[in-house]
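Notes follow the structure.
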Amino acid sequence: QLLERIHRVSDPIQSFTMKADMSPSVGGIHGGQVTDYPTITGFVFFLRPDNIRVVGLDPVIHSTAFDMVSSGNDFHVYIPIKSQFIEGQNDAPATSKNKLENLRPSAFLTALLINPPDPNSAITFVEDDTSETKAVYILMVIDHNGDRYFPVRNIYFDRYTLQINRQKTFDTEGEIVSETRYSNWSNHNGLPFPSTIDIQRPKDGYEVVLQVTDLKINAGDITSAKFILNQPPGSQLRKLQ
């Protein structure tokens with residue numbers, strides 16, 4: 001029943017265009033000092049299987065603050081105020097001292113889509129985590145490499161409504177890569193989607209909260225051309241290894 005719920009949420013979505021208020025913060029997400037930044041207007045475009053583009057507007061003059069694109073394993077980011085164009089692979093290490101420069105479009109892709117486990121490789125377990133203060137089902141997704149097994153994701157469901165309210169992803173060492181919380185689900189074109197999405201990336205040192213203000217699912221107006229981002233003339237190229 002839990003897997004059926006994930007399929008119902010994920011499978012019908014082939015594309016979407018989202019407008020959202022983005023509230024970023026950096027610092028010790030799980031403890032320590034946190035610095036909040038002004039809320040900006042953002043746009044997210046998605047096309048299956050793995051094309052995503054995220055554009056943020058400057059909160060004062062409403063020009064482009066950043067433009068990020070990922071298709072497959074590679075990503076490109078343009079930061080106009082620095083005249084900087086960054087490219088690399090999605091698994092490139094986050095090394096910038098400015099934590100917001102470690103934003104990757106793949107982080108949004110991981111958080112916004114709650115994909116079903118791979119039936120060919122994943123092993124799933126369900127934990128009923130119910131007490132006097134909470135009622136949660138946790139779907140634990142395990143993968144393996146030979147004889148070595150490791151956690152991939154935990155997906156949390158409200159025990160009574162089966163609404164998905166949280167998703168954790170892990171690296172092969174079991175450390176949390178992302179933790180996303182979902183709330184205020186509503187229907188868009190007959191499909192459920194959360195209106196509040198809180199993306200935490202503890203290893204990268206930042207958090208972004210999205211408050212969805214407009215969403216169009218499967219409108220049919222997004223093509224692969226939307227996910228081409230070329231280096232602007234005169235900008236400085238920075239390649240991440």
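The values are calculated or read from the model by the stated rules, or taken from the named source; none is laboratory data. This structure is a prediction, so every number in the text was calculated from the model and none was measured. Cβ sites come from the backbone with ideal geometry, for glycine too, and all protein chains shown count toward neighbours. Surface accessibility is based on the protein's heavy atoms, side chains included, excluding ligands, DNA and RNA. Shrake-Rupley method; radii C 1.70, N 1.55, O 1.52, S 1.80 Å.
A compact table of results
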item: Cα convex hull of segment 114-202 - mean projected area over all directions, nm²; result: 7.1
item: Reported label for calculated percent of Cα pairs over 34 Å apart given [x] 15; [y] 29; [z] 19; result: [x]
item: Sequence-distant residues sharing a close amide H with residue 51 (under 5 Å, placed H); result: none
item: The chain, accessible area per residue, ligands and nucleic acids excluded (1.4 Å, Å²); result: 51
item: Listed residues 76, 7, 62 arranged by accessible area, highest first, probe 1.4 Å; result: 62, 7, 76
item: Translational D in µm²/s for segment 20-110 (Stokes-Einstein at 37 °C, 0.692 mPa s, Kirkwood Rh from C-alpha pairs); result: 236
item: Table column - 3J(HN,Hα) (Hz), segment 62-67, Karplus curve with 6.51, -1.76, 1.60, x for Gly and Pro; result: 6, 8, 5, 8, 7, 9
item: Normalised contact order of the chain, rounded percent, pairs of Cα under 8 Å and 6 or more residues apart; result: 23
item: Most to least packed among 8-15, 196-203 [average Cβ atoms within 10 Å]; result: 196-203, 8-15
item: Anisotropy class of segment 183-230 from Cα gyration tensor, a/c 1.5 cut; result: oblate
item: Integer Hz, Karplus 6.51/-1.76/1.60 couplings in order for segment 44-57, x for Gly and Pro; result: 10, 10, 9, 9, 4, x, 8, 8, 9, 9, 10, 10, x, 9
item: Dipole of the chain, positive direction: furthest Cα of 93, 130, 16, with charges on the beta-carbon; result: 16
item: Gap separating the Cα centres of segment 149-197 and segment 79-131, nearest whole Å; result: 13
item: Gain upon complete extension [residue 131, residue 36; 0.36 nm per residue less C-alpha separation]; result: 30.8 nm
item: Rounded to the nearest 10 Å², the accessible area of residue 173 at probe 1.4 Å; result: 140
item: Pairs beyond 28 Å (Cα-Cα), from 82/168; 203/239; 97/226; 19/134; 82/216; result: 82/168; 97/226; 19/134; 82/216
item: Structure-based [θ]222 nm, the chain - -39500 (n - 2.57) summed over DSSP H runs of at least 4, per residue, nearest 500; result: -2000 deg cm²/dmol
item: Residue among 172, 110, 130 with the largest mean-square fluctuation in a Gaussian network model of the chain, springs linking Cα atoms under 10 Å; result: 130
item: Accessible surface of the chain, 1.4 Å probe, proportion on carbon and sulfur as whole %; result: 48
